[in-house]
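Peer 1: What follows is a single structure, and I will ask about it in a moment.
The values are calculated or read from the model by the stated rules, or taken from the named source; none is laboratory data. Keep in mind that what you see is a predicted model, and the values were worked out from it rather than measured. Because the Cβ atoms are built from the backbone with ideal geometry, glycine has one as well, and the counts that use them run over all protein chains shown. Calculation scope for accessible area: heavy atoms of the full protein, side chains included, ligands and nucleic acids excluded. Shrake-Rupley method; radii C 1.70, N 1.55, O 1.52, S 1.80 Å.
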Amino acid sequence: MDALANKTTRTTCPYCGVGCGVKATVDPLAGSVEIAGDEAHPANAGRLCSKGAQLAETLGLDNRLLYPTLGGERTSWDAATGRIAEAFSAAIAEHGPDSVAMYVSGQLMTEDYYVANKLMKGYVGSANIDTNSRLCMASSVAGHKRAFGTDTVPGTYEDLERADLVVLTGSNLAWCHPVLFQRLVAAKQQRPHMKVVVIDPRRTPTAEIADLHLPLQPDSDVALFSGLLRFLSRLGGADRAYTAEHTQGVIDALDAAEPWTLEQTAKRCGLPLTDLAQFYDWALATDRTVTVYSQGVNQSSSGSDKVNAIINTHLLTGRIGQPGMGPFSVTGQPNAMGGREVGGLANMLAGHLELANPEHRALVQTFWDSPTIADTPGLKAVDLFEAIHAGTIKALWVMATNPSVSLPDAARVNEALATVPFLAVSDIVSTTDTLRHAARPGCVALPATGWVEKDGTVTNSERMISRQRGFLPAPGEARHDWQAICDVATKMGFGDAFAFDSPASVFAEHAALSGYKPEVRRDFDISGRAGLSQVAYESMPPFRWPLRADSTQTERFFAGGGFFHADRKARFVPTHAADAPQRPAGTFTLNTGRVRDQWHTMTRTGRSATLSAHMGEPYCEIHPADAVDLGVTAASLVTVSNGRGRIIVRALISAGQQRGSVFVPMHWNDQTAANARVDTLAAPETDPTSGQPALKFSTVKVQPAAMAWHGFAVVRDAPGALPFAYWSVAPCAGGYAIEMADTEPCDDYAELVRQIIGADGVMGVQDRASGDARFLVSADESVQAALFFARDPVAVSRRWAIEKLSQPLADAAAKVALLAGRPPADQPDQGPIVCACFAVGRNTIAAAITDGATSLDAVGAACQAGTNCGSCRSEIAAMLPQDTEHETEKPQEVRHAPQAV
Ligand code: SF4
């Protein structure tokens, strides 16, 4: 092939658990990469959401970790892996296998995960390997295992399309699994009788397609589904034949649900009786029912019970495993499922086998021919970092995750990372909040390959295994994680068992283990792929497990029973809803979650100007009445605090938020904002069965943050450290957008400008009486920086100011207009970006609606908004005239709220 010809690689999106297929076309002459959805991939059939569509914007090498370091100084791979092997071996020799640990990630390939788990459980002899997937779906794993006897997700995406009732509970599918949401929207359009019920304390964009939104009280889900179980049983909804033949424990579950009359349930959940009855009536009448659940269910101190309360209703009705029926956990991360398949959680073995089962342990140890096998569960994520404080963990290897930001009580996690005797961190980025701790003397940082370079497999939420294929060479000295683990294993004396030479060789062993001793029944079996050659692995199409060696067909689970408890029957799990927690007066329940266009701790999406245009600042969503009570005005700053910490974020007043609750996104960190790591506030409380943290339920105080001045700037170059109480930085077209504020009064903003941009030749105006000041730095008829200050939040059109970075400064009048901070009449401000694909702002969409567009299609025809990936369609729908009832509830771009337009 011509080395300079364009080459297209079929791979998989690295973000959410939908697992969309991506085509990446590299143009070697232009040095560019074009991203498109893979129309042949069963998950997305060519669709991509805004995050997937902007992947090309995140591929730059700035901030990449390019070589290993030891004690913060550049070193060789040999020295770095030698140091990890030495530290792990020394700790094991002196303190035993449980003194070392790995904390890994749903971002890893299954092959990376497989060798990490093999090293820890089969060769070190400790189950101290856990994953950040513990934070997103461990409660689903626990619920599945209790009900089914194994961690089986019985549903497929097609089930959502074929259902007549889709219940979305604890899931903002529109923002967190956008392509699956778009599939659901399309199915509902084709089958208008389909009902969608959204159960969520907040009115999120997902509720835009809901026939019924149930804004239940936080953590009242067990009562809701217990009430449904009771209702179904009493009104003839039970499939007695199914429960008799295929389940155990229905009587106990119904006894536990008995207190949950319609009235009691409505009271506990804080729902209108008629709305609850409507949901129950639909559930009673609809065989084809799918219940989709996600982090809103899982991230709770009763997460496992919530999952089982949902599953109980499907077991009672026999609505499981048939087309259009079943409980369906959708995972947050791209390979959370793959991690589960190889035993990436501290209480599981490889191949979905059980750590607690001696027969399973013997099977795995025999297959691996390993000297040992862990026989007791290891430390789960939260406990692992507590064990560092207790001094029992002496050496820790963190891989592809940022626990310094993402774990609850994150400040305490930071302390653990700062004090663990030995720390190794593998990452692709050189500046994460976690990686800084690996610069301590004797500690190691390893440069890992990223999405564009990695080869392996991932499993999406519907058990579909897809190839991820690298299409660019690894930069600097970056290496694959599986290679780093094998290097360390070899240096620890286990070379024979880790002599893998490719991801294909790891996958072959993983597939062979899944079919080893088939007389030991398990759900996960891909032995049909065990003999795969390297060539066949390269071209392997997506397939759904199980794919057994003796079958070419995948199978559905549980329609005819066949569960994985010893008696082949499922278990009803009696669940007991807790009383409503008493919140101290003057406090709020803190909920955390994702925004549409960011991913995790922003180490990748935070590099994209397009994605950062949607929600450019950390914020706190507050109900309007609570805002009035608190004296919080739109777009002012607030402190959110409790005994664990205090953050400062922008207020976003929204009627979609319940009174007494606030929502703060999880993404912002010390690299992107002064003080906005929301997980510093999250309680380290976990579900007792799953160990999953209750990240959606902490108690906080919210107060106005009194600031002496506020500022906004667009600058061409990345700013250095800013010494202000509040700042946040986001990339924008042509530079960076900075929001700032401080408690210290400023007498001379010109001096402040020099501090921020270090520039002379500043043109500016200051009005000391009003406190307003504006400055412009220009060169060669282009804007280098524009900075605006005021005593109150700065009322300048952000989008318009950002556009100036990419436009020539035509004349003195243009400079004056920019200093005025106001678009001229012939350049209307399009407002905050709603449609990321075509950069269409809120004001532009509103103008199209004013001009007569009354449908999504009409808005699209008028201004293109919503016509590509569709991620913004629910936000546009909320602006349409028929939805004026909810228009005030829609999230707005935070930093634009005070602007004068
Ligand atoms: Fe990626 Fe979006 Fe598909 Fe998720 S829905 S896999 S983020 S393209």
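Peer 1: Just to be sure before I move on: is A759 over 29 Å from T605 (Cβ atoms), open to solvent by less than 30 Å² (accessible area, probe 1.4 Å) and in a loop (DSSP other than H, G, I, E, B) in the structure I sent?
Peer 2: The answer is yes for A759.
Here is a yes/no grid of residues against (1) farther than 25 Å from H510 by Cβ; (2) open to solvent by 10 Å² or more (accessible area, probe 1.4 Å); (3) free of Cβ contacts under 8 Å to residues at least 12 places away in the same chain; (4) not polar (S, T, N, Q):
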position: F279; (1), (2), (3), (4): yes, no, no, yes
position: V290; (1), (2), (3), (4): yes, no, no, yes
position: N298; (1), (2), (3), (4): yes, no, no, no
position: V307; (1), (2), (3), (4): yes, no, no, yes
position: N312; (1), (2), (3), (4): yes, no, no, no
position: G338; (1), (2), (3), (4): no, no, no, yes
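Peer 1: Which number in (1) open to solvent by 10 Å² or more (accessible area, probe 1.4 Å); (2) among the aliphatic types (A, V, I, L, M); (3) modelled with pLDDT under 75 marks the one condition that V894 misses?
Peer 2: Checking V894 against (1) open to solvent by 10 Å² or more (accessible area, probe 1.4 Å); (2) among the aliphatic types (A, V, I, L, M); (3) modelled with pLDDT under 75, the one that fails is (1).
Peer 1: Regarding the range 118-133, can at least one residue be identified that is modelled with pLDDT of 95 or more, polar (S, T, N, Q) and farther than 21 Å from A400 by Cβ?
Peer 2: no
Peer 1: Also, I was wondering about something else. Give, as residue ranges, the helices (runs of 4 or more DSSP H) completely inside the range 155-196 that count at least 1 residues that are closer than 21 Å to I876 by Cβ and within 16 Å of the ligand (Cβ to nearest atom).
Peer 2: 173-176, 178-190
Peer 1: Moving on to the next point. Regarding the range 114-134, can at least one residue be identified that is free of Cβ contacts under 8 Å to residues at least 12 places away in the same chain and touching a Leu at 6+ places or on another chain (Cβ under 7 Å)?
Peer 2: No - not one qualifying residue is present in the range 114-134.
Peer 1: Residues of the range 296-347 being touching a helix residue (DSSP H, G or I) at 6+ places or on another chain (Cβ under 7 Å) and charged (D, E, K, R), which ones?
Peer 2: Residues satisfying the conditions are D305, K306, R340, E341.
Peer 1: I've got another one for you. Report those strands (runs of 3 or more DSSP E) wholly inside the range 565-645 carrying at least 1 residues which are touching a His at 6+ places or on another chain (Cβ under 9 Å) and away from the ligand (no atom under 16 Å from the Cβ).
Peer 2: In the range 565-645, 637-642 are the strands (runs of 3 or more DSSP E) which contain 1 or more residues that are touching a His at 6+ places or on another chain (Cβ under 9 Å) and away from the ligand (no atom under 16 Å from the Cβ).
Peer 1: Something else now. Name the single residue that is farthest from T605 (Cα to Cα) among those in the range 44-95 being of a type in the set (V, I, T) and not in a helix (DSSP H, G or I).
Peer 2: Checking each candidate, the answer is T75.
Peer 1: Can you name the number of the only condition in (1) farther than 17 Å from N312 by Cα; (2) open to solvent by 50 Å² or more (accessible area, probe 1.4 Å); (3) of a type in the set (D, E, K, R) that D252 fails?
Peer 2: Answer for D252: the failing condition is (1).
Peer 1: Okay, moving on. Can you name the condition, by its number, that D811 falls short on among (1) at pLDDT 85 or above; (2) on the phi < 0 side of the Ramachandran plot?
Peer 2: If we test D811 against (1) at pLDDT 85 or above; (2) on the phi < 0 side of the Ramachandran plot, just (1) comes out false.
Peer 1: Can you pull out the residues in the range 792-818 that are open to solvent by 20 Å² or more (accessible area, probe 1.4 Å) and outside any loop (DSSP other than H, G, I, E, B)?
Peer 2: Once the filter is applied, which keeps residues that are open to solvent by 20 Å² or more (accessible area, probe 1.4 Å) and outside any loop (DSSP other than H, G, I, E, B), the range 792-818 yields R799, E803, K804, P808, A812, A813, A814, K815, V816, A817.
Peer 1: Could you grab the pairs with beta carbons closer than 8 Å, sequence gap of 6+ or different chains, first residue in the range 777-795 and small (G, A, S), second one in a loop (DSSP other than H, G, I, E, B) and modelled with pLDDT of 90 or more?
Peer 2: Taking only residues 6 or more apart or on different chains, the pairs are A785/R716.
Peer 1: Any residue that is open to solvent by 20 Å² or more (accessible area, probe 1.4 Å) and out of contact with any strand residue (DSSP E or B) (no Cβ under 7 Å at 6 or more places or on another chain) - is there at least one of those in the range 700-710?
Peer 2: yes
Peer 1: In the range 210-301, which helices (runs of 4 or more DSSP H) lie fully inside it and hold 2 or more residues that are touching a strand residue (DSSP E or B) at 6+ places or on another chain (Cβ under 8 Å)?
Peer 2: 221-234, 240-246, 273-285, 295-298
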